[in-house]
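J.: Quick one: the structure is below, questions incoming.
Coordinate-derived values only; no laboratory data. This one's a predicted model, so the numbers in the text were calculated from it and none came from an experiment. A quick note on method: Cβ atoms are made from the backbone with ideal geometry, for glycine too, and the neighbour counts reach across all protein chains shown.
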Amino acid sequence: PSSSSAASDVYKRQVLLRDGAPDPIGHPTRFGVTTRVLGWWSLSAPDRLLSDAELLEWTRGQRTVAVTGIARPERFFDRLRGIGLQFKAIGLADHAPIDLVWLRDLPADCILMTEKDAVKCDQSADPRIRVLRIEAVIPPSLIDFIEERLFGRPTA
């Protein structure tokens, strides 16, 4: 394709900017999506959420390991450092499987991970694991945009 057709293709796409990230190309159709931390849960008790302060208390004096297989593991590790947590960081490849035997034998009293990683551990009710629960906050303008594309008309 010609460079002008390639450039016009860029503007047919939409850009999602997460948590205040700058728009690298000044795209005309962009939406800011943020995340909100809900708390920390245990594989054995997913309905009870701990606050960051409760997590800090739970890990105090314990060998704590943070394990994640997300695209940018430093985002997770930086968040943990930001709340004052001391831990050993283990960054896996994005979407990497988590071997349950390896996890069981991990020398740690506390293991922290993301929900993306926790779904790989559902057969394990390891009481050492706490999982960060977040939710995406989607702007109404993005929902309107999607509905307009799906249904072909503006929403009320």
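J.: Could you work out how far apart the two model spin labels at Ala125 and Glu74 are, taking each label as a point 7 Å from the Cα in the direction of the beta carbon, and quote it in nm?
T.: Going from the Ala125 label point to the Glu74 one covers 3.9 nm.
J.: Looking at the calculated P(r) for the stretch 30-139, what percent of the C-alpha pair distances fall above 23 Å?
T.: Values: 1394 of 5995 pairs.
Value for the stretch 30-139 (Cα pairs over 23 Å): 23 percent.
J.: What three numbers, in Å, describe the spread of the alpha carbons of the stretch 55-95 along their principal axes, ordered from the longest?
T.: Projected onto the principal axes, the Cα atoms of the stretch 55-95 cover 30, 18, 12 Å.
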